[in-house]
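Working notes for the structure below.
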Amino acid sequence: MEYAEVLDLTMDLLCSMQPHIALPICEEVIPQLADDRWFPLLAEVARVLSGNGDIEALRQAERRLPGARAAFLADVATGDEARLRRLRAALTSSARRVEGRARVVQPTVLHGAGRLVFGEGCELGYGRSKGALDGSVTIDCRDPRATISIGARTTVNNNSAIVSEGPVGITIGEDCLIGTEVSIYDSDFHEMDPARRRQASTSTAPVVIGDNVWLGERCMIMKGVTIGRDAVVGAYAVVNRSVPAGAIVAGIPAKIVGSAYPERAPAAAAR
């Protein structure tokens, strides 16, 4: 591979929270290809993301080079503001148990002590949807016992939030389409009792979303919900109970309004 290709790959790995793969490239491969003054800085970024470095060490590495911050960002980002924003989001992420590699299109913040699992070809953000240049996808698995998994070829569109307080987590199947600003939660987060409202809620229940499900813009999937494969959730719907396979639901709270299976659509619509 040429130097530019290796640098592109390294940046994509860092933006996708795969520092354990990027670090050997920074330390061993790049120095063999070019006399690159930035590779020590890239290596320090990789260490920070992997939990084996610290932000202060990164700042010190930057200070050793005159004008390092501006020059590094201009050089490494090669004028690509979107990539630069993805890297900044990765640097603010706290998650360390990341498995698989998603394609990161919109800046994505990964948080929590739980497990994050990404299937092959899944995508976080979509460049042609609204909000691509603003905000971020947020995935937060707070309980170390919990797992948030996103299946192969699933797209999570811009500014969506998937947050688990565990202890089980959230499972999203393969080939799903998740619209912009969708929220998926397995917790109430706060107590209903006014006297205890600032306390974290202990009321959690796992969320399961089947394969090939389409979640419309700004819908909300609440704790304890299972959505069957092929189902469709309309824009702005609030789903607080489980949805059968192939059902089309809409409204607040969401109700069945049709079927995604043509042979069942008339019967479903008549309900």
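The values are calculated or read from the model by the stated rules, or taken from the named source; none is laboratory data. These figures come from a predicted structure and were not determined experimentally. Methodologically, a virtual Cβ is constructed for each residue, glycine included, from the backbone with ideal geometry; neighbour enumeration extends over all protein chains shown. These area figures cover heavy atoms from the full protein model, side chains too; ligands, DNA and RNA do not enter into them. Shrake-Rupley method; radii C 1.70, N 1.55, O 1.52, S 1.80 Å.
Would you mention how many residues in segment 148-164 are in a strand (DSSP E or B) and not polar (S, T, N, Q)?
Total satisfying the criteria: 6.
Assess whether Thr171 counts as being assigned to a strand (DSSP E or B), within 20 Å of Thr138 (Cβ to Cβ) and not hydrophobic (A, V, I, L, M, F, W, C).
Judged against the criteria, Thr171 is a match.
Among the residues of segment 168-179, are any in contact with a Leu (Cβ under 6 Å, 6 or more places away or on another chain), open to solvent by less than 30 Å² (accessible area, probe 1.4 Å) and among the small types (Gly, Ala, Ser)?
There is at least one residue in segment 168-179 that is in contact with a Leu (Cβ under 6 Å, 6 or more places away or on another chain), open to solvent by less than 30 Å² (accessible area, probe 1.4 Å) and among the small types (Gly, Ala, Ser).
Any idea how many residues of segment 182-219 are open to solvent by 60 Å² or more (accessible area, probe 1.4 Å) and under 14 Å from Val156 (Cα atoms)?
Number satisfying all stated conditions: 3.
Output yes when any residue across segment 120-135 is touching a Gly at 6+ places or on another chain (Cβ under 9 Å), in contact (Cβ under 8 Å) with a residue 24 or more places away in the chain and not in a loop (DSSP other than H, G, I, E, B), and no when none is.
Looking through segment 120-135, none of the residues is touching a Gly at 6+ places or on another chain (Cβ under 9 Å), in contact (Cβ under 8 Å) with a residue 24 or more places away in the chain and not in a loop (DSSP other than H, G, I, E, B).
Tell me yes or no: at least one residue of segment 223-244 is of a type in the set (Lys, Arg), closer than 26 Å to Lys130 by Cα and within 19 Å of the chain's Cα centre (by Cα).
no
Restricting attention to segment 88-131, report how many residues are on the phi < 0 side of the Ramachandran plot, open to solvent by 20 Å² or more (accessible area, probe 1.4 Å) and touching a Phe, Trp or Tyr at 6+ places or on another chain (Cβ under 8 Å).
Looking only at that region, the number is 4.
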